[in-house]
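The values are calculated or read from the model by the stated rules, or taken from the named source; none is laboratory data. This structure is a prediction, so every number in the text was calculated from the model and none was measured. Note that each Cβ is placed from the backbone with ideal geometry, even for glycine, and that neighbours are counted across all protein chains shown. The accessibility values were calculated without ligands, DNA or RNA, using every heavy atom of the protein model including side chains. Shrake-Rupley method; radii C 1.70, N 1.55, O 1.52, S 1.80 Å.
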Amino acid sequence: MSVTSQTLPRVAVLGGTGFIGREICTALAGRGHHLLTIARKEPARPLPGTFARFDLTEDSEADLAALLTAERIDVVVNAAGGMWGLTDEQMVGANVGMVTRLLKALESMPQAPRLVHLGTVHEYGLCPVGVSLAEDSEPHPSMVYGQLKLQATELIAEAVRTRGLDAVVLRLGNVVGAGQPAHSLLGVMAAKLAAARAEGVTAELSLAPLTAQRDFVDLADTVDAVVAALDGRTLSPVLNIGTGSATSARETVEALIAVSGVPTEITEVPAPEGSGPETEWQQLDISAARAELGWAPSRDLEASVRALWSAV
């Protein structure tokens with residue numbers, strides 16, 4: 001029997017106009033889900049489904065609960081939050097205050113929808129080289145963003161433990177793909193390469209030592225994990241989503257340069273004083289996601305940067 005939109009969960013995507021949220025919306029619409037996109041600003045490019053303008057940092061949780069109830073939402077995917085271009089104070093509201101309001105809204109509903117929340121590898125913080133970070137690894141975030149995202153994860157996990165909320169946090173590696181945020185390393189590099197190509201000149205990139213090893217995960221693989229977390233099976237409160245391997249930031253930038261085909265001259269510059277990487281090594285253990293979601297990454301780094309470059 002074919003699956004119809006009537007048998008699929010009705011999904012609301014918070015932050016559905018963002019880097020990851022937009023791709024989630026596109027994927028869900030393609031599968032036939034009833035889709036509600038919620039964001040502070042209406043997107044310049046239309047999204048599938050229904051759009052609702054709502055500020056999760058200011059508008060009331062009662063209004064959010066009423067909206068979700070009216071749309072008969074079964075699953076809320078929280079792809080909202082903020083890091084790039086925000087002050088520390090703004091990050092508090094975007095990452096902790098917003099989740100606090102969201103939890104209050106869900107818990108006030110007669111039957112709370114499942115919550116699929118997007119966390120981050122930055123919640124773990126420092127890690128010895130060679131270690132794979134499992135969900136029970138003790139977190140020591142050193143970035144403000146990581147600290148705030150960890151607080152949000154802990155709020156959700158507490159609601160699961162003590163109040164029976166149906167929720168999972170997908171703790172994402174460093175996501176790479178189309179629509180990369182302009183403030184990110186790859187976003188900056190892609191913009192410089194595109195500008196050089198448009199002018200017909202050699203790109204001149206000044207790079208600090210990019211020795212840190214990170215778990216870079218493809219955007220499409222990330223969306224596949226979100227889709228896998230929609231159904232009603234019981235999941236652990238936190239699941240890592242990555243590749244299970246570490247790649248140097250320098251290798252990732254060089255892969256982008258190679259895919260672009262833009263002639264490039266790289267100048268090595270010292271890192272700003274006191275601005276060392278959060279950690280030299282981050283590699284996620286993704287065995288729990290494999291077991292519980294039946295999910296595994298299938299795209300390589302070249303595919304990720306190729307999608308990024310094609311979008312640029």
- Options Ser298, Ser310, Ser206, Ser248: the member that is over 26 Å from Glu154 (Cβ atoms), surrounded by 13 or more Cβ atoms within 10 Å (Cβ to Cβ) and among the polar types (S, T, N, Q): Ser248
- Taking the condition at pLDDT 95 or above, buried (at least 19 other Cβ atoms within 10 Å of the Cβ) and part of a helix (DSSP H, G or I), does Ala190 pass? yes
- Message: Which of the numbered conditions does Ala220 fail, given that it passes all the others? Conditions: (1) in a helix (DSSP H, G or I); (2) in contact with a Ser or Thr (Cβ under 7 Å, 6 or more places away or on another chain); (3) open to solvent by 10 Å² or more (accessible area, probe 1.4 Å).
- Response: (2)
- Meets criteria (farther than 30 Å from Val160 by Cβ, at pLDDT 95 or above and open to solvent by 60 Å² or more (accessible area, probe 1.4 Å)) for Arg290: no
- Note on the structure: Only one of (1) more than 26 Å from Pro139 (Cβ to Cβ); (2) assigned to a strand (DSSP E or B) does not apply to Leu256, and that is (2)
- Message: Any residue that is crowded, with 22+ Cβ neighbours inside 10 Å and in contact with a strand residue (DSSP E or B) (Cβ under 6 Å, 6 or more places away or on another chain) - is there at least one of those in the range 5-12?
- Response: yes
- Query: Looking only at residues in the range 193-203 that are open to solvent by 30 Å² or more (accessible area, probe 1.4 Å) and among the aliphatic types (A, V, I, L, M), which one is nearest to Ala255 (Cα to Cα)?
  - Reply: Ala195
- Are any of the residues in the range 127-139 among the acidic types (Asp, Glu), touching a residue at least 12 places away in the same chain (Cβ under 8 Å) and either closer than 30 Å to Ser310 by Cβ or open to solvent by less than 10 Å² (accessible area, probe 1.4 Å) (or both)? no
- Task: Test Ser310 against the criterion of being outside any loop (DSSP other than H, G, I, E, B), under 24 Å from the mean Cα position of the chain (by Cα), at pLDDT 95 or above and more than 30 Å from Pro113 (Cβ to Cβ), and give yes or no.
- Result: yes
- Report those strands (runs of 3 or more DSSP E) wholly inside the range 28-109 carrying at least 1 residues which are farther than 22 Å from Gly164 by Cβ and in contact with a strand residue (DSSP E or B) (Cβ under 6 Å, 6 or more places away or on another chain). 35-39, 50-53
- Tell me, yes or no, whether the range 63-70 has at least one residue that is closer than 24 Å to Leu308 by Cα and crowded, with 20+ Cβ neighbours inside 10 Å. no
- Message: I'm trying to understand the selection: among the residues of the range 50-60, which are closer than 19 Å to Val11 by Cβ and at pLDDT 90 or above?
- Response: Thr50, Phe51, Ala52, Arg53, Phe54
- Task: Only one of these is without any contact (Cβ under 8 Å) to a residue 60 or more places away in the chain, at negative phi, surrounded by fewer than 23 Cβ atoms within 10 Å (Cβ to Cβ) and polar (S, T, N, Q): Thr50, Thr37, Thr120. Name it.
- Result: Thr50
- Item | Which listed residue is in contact with a helix residue (DSSP H, G or I) (Cβ under 8 Å, 6 or more places away or on another chain) and more than 26 Å from Ala27 (Cβ to Cβ), from Leu210, Leu256, Leu186, Leu219 | Leu210
